[in-house]
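The values are calculated or read from the model by the stated rules, or taken from the named source; none is laboratory data. In this text the structure is predicted, and so the values were computed from the model without any measurement. Using ideal geometry, Cβ is built from the backbone for each residue, glycine included, and neighbour counts are taken over all protein chains shown. These accessible areas exclude ligands, DNA and RNA; they are computed on the full protein's heavy atoms, side chains included. Shrake-Rupley method; radii C 1.70, N 1.55, O 1.52, S 1.80 Å.
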Amino acid sequence: MAGRSRRERARSASQWRDTGVPPAAAGLLRTDTLDARSSEMRAPMPGTEAPLNETLERMQAAPTWVAADCLVAWTLRGLAQGTPLRRVAWLSADLTMRVVRTRHLQVAPGVGAAGWSGFRFPLDGTDLFARLLGKPQALWAGGANRQAIDKLLNPAARALLGGAEFLAMSVHVGGEPRGLVLADCGPSSATPEALYAPFKTTCLTLGARLATAPAPLGPTEAARAAAASRPA
C-alpha cells in the first residue's frame, strides 16, 4: 500500500492477526435502499445483547488506522455474540476480478456451515446477491417472501442457505461496492424480522468506518507486515 508507513502496516497486520476471525427483484423483496443519511454511524441499539452494543461503541471510537479486516471481524463477532444470528459472513467484492467471495466467517459452535467458507459469485451477475450489490440496500428474506426469494438465488446460494431465512446487506464505500454481509440463525432456525434493525445498524456502522480505514491487506502483505512487527 503506497504511502502507508511501516508502523501503520505492522499495526494493521497485528489487528488482523488478533481478531480471531480468519480472512476468508424489487417487487418480490422486502428491501430498503439506503439514502445518504443512512451512511452515518448510529447509536447502539436498545434491546440487543451487550456484545453488539460494545461492538458498535468500539467501532465508532476506533482510530482511523484500524484495518478494514479488523472492522469486519468486529462486526461479525458482534452480530454472532450479540444477537441470535449463528452464521455471519463477509463476502468481499474484488472489483478487478469482478467476483465476490467469502473473506471472513463467524459460525457458532455446533452449527453446520458447509460451503460458506468457499462461497463466491460473479459481481456482474443477475442473481439476488449481485443485484443487492448494485447499490447500498438491505434485505430480510423471511416469512411469506422466502419462497419467492429462493427463485432469485443462484444454485450455489440456494445450496448454501438450504431454505433458511436470512439477512443480507450490501456495503458501499466511495460509491463502489465493498462487500456483502450475509447472516442467518442456522440451517434449521427461523431468522426473525426483529433482527433486521440491529443488523442494518451494525452494517451501516461498518460502512461508515470502512470509508476512513486503510485498504484491506492481501495475504502476502499481511504476512510481511506481521513479520516486521515482531521484535528483532
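Scan segment 53-72 and tell me whether some residue there is modelled with pLDDT under 90 and out of contact with any helix residue (DSSP H, G or I) (no Cβ under 9 Å at 6 or more places or on another chain). Checked segment 53-72: no residue is modelled with pLDDT under 90 and out of contact with any helix residue (DSSP H, G or I) (no Cβ under 9 Å at 6 or more places or on another chain).
Exactly one residue among 97, 1 is modelled with pLDDT under 95, among the hydrophobic types (A, V, I, L, M, F, W, C) and farther than 30 Å from residue 189 by Cα, and that residue is 1. Against the list (1) open to solvent by 20 Å² or more (accessible area, probe 1.4 Å); (2) among the aliphatic types (A, V, I, L, M); (3) not in a helix (DSSP H, G or I), the condition residue 167 fails is (1). Inclusion of residue 13 among residues that are modelled with pLDDT under 95, in a helix (DSSP H, G or I), farther than 18 Å from residue 182 by Cβ and touching a Leu at 6+ places or on another chain (Cβ under 8 Å) is warranted. Going through (1) open to solvent by 10 Å² or more (accessible area, probe 1.4 Å); (2) at pLDDT 55 or above one by one, residue 206 falls short only on (1).
Of all residues in segment 68-82, exactly one satisfies the criterion of being touching an Asp or Glu at 6+ places or on another chain (Cβ under 9 Å) and open to solvent by 10 Å² or more (accessible area, probe 1.4 Å), namely 81.
Of the numbered criteria (1) modelled with pLDDT of 95 or more; (2) surrounded by fewer than 16 Cβ atoms within 10 Å (Cβ to Cβ), the one residue 114 fails is (1).
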